[in-house]
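Visitor: The structure follows.
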Amino acid sequence: MRIPVRRFMEILRVFLLFVTCTLISYGIITLLTDKLWSGNHYKEPNGNAVKVVKLVNTSAPKDLDGYMARLELFYLTGE
């Protein structure tokens with residue numbers, strides 16, 4: 001079955017319009033992301049930064065029981 005040239009051109013035009021809109025949308029989103037969230041997110045924080053992991057019931061940082069207690073608390077509360 002042959003597709004008429006006019007129908008083929010219509011399909012091609014819709015496809016090109018879709019691709020163009022997709023690329024423009026991607027460009028706008030990328031531009032906004034660069035403007036709003038610029039900078040290195042993985043650098044060491046400055047000022048009064050709070051340590052994320054705080055061991056419970058431990059005096060030494062390498063205490064395995066403290067890590068286990070923290071892991072148990074995570075599993076129980078979903079913290």
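The values are calculated or read from the model by the stated rules, or taken from the named source; none is laboratory data. Please read all numbers here as calculations on a predicted model, not as lab measurements. These accessible areas exclude ligands, DNA and RNA; they are computed on the full protein's heavy atoms, side chains included. Shrake-Rupley method; radii C 1.70, N 1.55, O 1.52, S 1.80 Å.
Visitor: Give a residue-ordered list of calculated ³J(HN,Hα) values for segment 16-29 (Karplus: 6.51 cos²θ - 1.76 cosθ + 1.60, θ = phi - 60°; whole Hz; x for Gly, Pro).
Guide: Values per residue, Gly and Pro as x: 5, 5, 4, 5, 4, 5, 5, 5, 5, 4, 4, x, 5, 5 Hz.
Visitor: Can I ask one more? Leaving out ligands and nucleic acids, and using a 1.4 Å probe, what accessible area per residue does segment 1-48 come to in Å²? Mind showing how you got there, number by number?
Guide: Working: 5280 Å² over 48 residues.
On a per-residue basis, segment 1-48 sits at 110 Å².
Visitor: Test of understanding: what is the full-extension gain from residue 14 to residue 35, defined as 0.36 nm times their sequence separation minus their Cα-Cα distance? The partial results should precede the final answer.
Guide: Values: separation 21, 0.36 × 21 = 7.56 nm, distance 3.16 nm.
Contour length minus Cα-Cα distance gives 4.4 nm.
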